[in-house]
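The values are calculated or read from the model by the stated rules, or taken from the named source; none is laboratory data. Just so we're clear, the structure is a prediction, and the values are computed from it rather than from any experiment. Don't worry about glycine lacking a Cβ; one is built from the backbone with ideal geometry, like all the others, and counts go over all protein chains shown. What goes into the accessible areas is simple: the full protein's heavy atoms, side chains included, and nothing from ligands, DNA or RNA. Shrake-Rupley method; radii C 1.70, N 1.55, O 1.52, S 1.80 Å.
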Amino acid sequence: MKILVLSWEFPPRIVGGIARHVAELYPELIKLGHDIHLITPEFGPASLYEVVEGIHIHRVEVAASNDFFHWVVNLNEKMGEHGGKLLMEKGPFDLIHAHDWLVGDAAIALKHTFKIPLIATIHATEQGRYNGIHNDTQRYIHNKEYALAENAWRVIVCSEYMRQELQRSLYLPGDKIDVIYNGIRAEKKIHHENFHAQDFRRQFAADYEKIVYYLGRMTYEKGVPVLLNAAPKVLREMGGNVKFVIIGGGNTDHLKGQAWDLGIWDKCYFTGFLADKYLDKFQTIADCAVFPSLYEPFGIVALESFASRVPVIVSNTGGLPEVVQHTKTGITTLVNNADSVAWGILEVLQNPNYCQWLVDNAYADLEKRFSWPKLSKQTEMVYERVVEERAEIVW
């Protein structure tokens, strides 16, 4: 089967979880015998064309713009042009697969021009992020999401929660939606290089301090202020022997101000962005990961912590309770509740045997539910269904 994939992010351009999802799913589909051509925007010194793990990567040059939405228009124009050339010169293609609304206009145009079925993976919704549509910018994105979902033959989402959200917010029938979890390559967390763990750890905390960390974007829906509000209680119970490490790019001024106001400034370390090679090492020396999201379609960061054998605490929102099984593979806490988050952290830090049990269960669960070879076969079943249905109709 020959598939044209459109994604606005792909390594080395990594903005959120889509880049890793796309980069890890398609090599497995190639192993199943599929031919994958992926179009994505140019990024830094990355080649405009290269083959990565069997994926034909086509990077298009996109005119810069100070306005993000203008840039998205430019992106779709270039993706549409390049996609049209590929479909004519390298065809026939069986399917087009678009990841999120940012590439929706190009995907829809190519679908209608070449009469090729479109599959859409919707990783999150604007309505979910902001608990409603409140302004013209959000309405614009919401309408783009609706158009992509409406034009798709089938829609893939990453959790049962997201299936329900799309039924509610985009008015999709449930039987048009397939739930396929995100996955992870657990082996990428295995270190083949030697490094002095204790010396490395001292970059972040004193030897007597437990390390509790958050990793992700510094956006409202990620709930970092909830973790900071939980910190004073944890510090009191632990005799002050905890360091809270906040990892991720973006504006953290408001969070630093909150830490100062709470009197925990000296117990917080805002690292900014950490490259994967440092992050992977960091996770091997951390004691606890906390993801107190207010909205989370899935939570791939939880899987990364599973793979690193770090105990995980999450909020009970969105897809997180599907990923983290409460008191079995991690701890789920009440959403937007700092006391509940503090309780979860203390459960892990004060009960080492229980903590190890959670870690072992979580690592075993990766192979059972979140391995890319299994998830790629589920994706292949969706592809096969659409191709069979397409063969039965006159477009």
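Quick notes on this structure:
- Dimensionless Rg ratio for region 263-395, taking C-alpha atoms and the 2.2 N^0.38 Å reference: 1.32
- Computed on protein heavy atoms with a 1.4 Å probe, the accessible areas place Tyr269, Tyr214 in the order Tyr269, Tyr214, largest first.
- Helix 160-169 and the longest principal axis of the Cα set of the chain meet at an angle near 60°.
- Solvent exposure, largest accessible area first (probe 1.4 Å, DNA, RNA and ligands not counted), of Lys78, Lys277: Lys277, Lys78
- Surface/4 estimate of mean projected area, convex hull on alpha-carbon atoms of region 117-263, nm²: 12.9 nm²
- In summary, the lysines within cross-link reach of Lys115, defined as a Cα separation below 17 angstrom excluding same-chain residues under 8 places away, comprise Lys2, Lys85, Lys90.
- Heavy atoms of Lys377: accessible area, 1.4 Å probe, square angstrom to 10: 110 Å²
- In region 195-272, inverting the average of 1/r over every pair of distinct C-alpha atoms gives 12.9 Å as the Kirkwood radius.
- Cα long-axis angle, helix 372-391 against the chain (0 to 90 degrees, to the nearest 10): 20 degrees
- Filtered GluC sites (Glu not before Pro), region 193-291: DSSP coil and at most 12 other beta carbons within 10 Å: Glu193
- Mean Cα-pair separation over length for the chain, i.e. relative contact order, pairs under 8 Å, 6 or more apart, %: 14 percent
- Sites Asn66 and Ile14 - FRET efficiency at Förster radius 22 Å, r taken between beta-carbons, to 0.05: 0.50
- Among 378-385, 145-152, the peptide with the highest mean count of other Cβ atoms within 10 Å heads the list, and the full ranking is 145-152, 378-385.
- Region 55-201, relative contact order in percent, only Cα pairs under 8 angstrom and at least six apart counted: 16 percent
- Accessible surface area normalised per residue over region 228-373 is 40 Å², counting heavy atoms of protein chains with a 1.4 Å rolling probe.
- Cα centre as origin, Lys/Arg/Asp/Glu Cβ charges: region 49-144 dipole, Debye: 240 debye
- Rg/Rh (Cα only; Kirkwood hydrodynamic radius) as it applies to the chain: 0.98
- Using the rule -39500 (n - 2.57) for each DSSP H run of four or more residues, divided by the residues of the chain, the 222 nm mean residue ellipticity is -14000 deg cm²/dmol.
- Most tightly packed first, judged by the mean number of other beta-carbon atoms within 10 Å of their residues, the peptides 67-75, 111-119 read 111-119, 67-75.
- Accessible area in square angstrom per residue, region 46-148, 1.4 angstrom probe: 46 Å²
- Within the accessible area of region 160-300 (1.4 Å probe), percent carbon and sulfur: 50 percent
- Relative to the longest principal axis of the Cα atoms of the chain, helix 68-89 runs at roughly 50 degrees.
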